[in-house]
Amino acid sequence: MKKGIHPETYRLVAFKDMSNEHIFITRSCANTRETIVHEGVEYPVIKVEISNTSHPFYTGKMKLVDTAGRVDKFLNRYKKIQK
């Protein structure tokens, strides 16, 4: 590997799955403004819409995520603005 191309600022970060509130801790250098207290320790938090605990491939269950509804709402509002 080339030296000097990887960030030096790795730290423990909490990733929170917003669909089922699951939190897992891993090292990351991603920037975040929010923090969360997990098991008595404060971590920077990154919110994700889906993770291995909620993805149908890993769970074996189909779960409807309402992303299409949000897009339809946006398009309806956008059409009103153009008129």
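Using modelled backbone amide H atoms (1.01 Å from N, in-plane), which distant-in-sequence or interchain residues come within less than 5 Å of Ile36's amide H?
Result for Ile36 returns Tyr43, Val45.
For region 5-11, what does the Karplus curve 6.51 cos²θ - 1.76 cosθ + 1.60, with θ = phi - 60°, yield as ³J(HN,Hα) per residue in whole Hz, taken in order and with x for Gly and Pro?
Each residue's phi maps through the Karplus curve to give 9, 9, x, 9, 9, 5, 8 Hz.
Could you give me the ³J(HN,Hα) list for region 35-46, computed from phi with Karplus coefficients 6.51, -1.76, 1.60 and θ = phi - 60°, whole Hz, x at Gly and Pro?
10, 9, 9, 10, 6, x, 10, 8, 10, x, 10, 10
Laboratory data are not the source of any read-out in this text; all were calculated from the coordinates shown. Just so we're clear, the structure is a prediction, and the values are computed from it rather than from any experiment.
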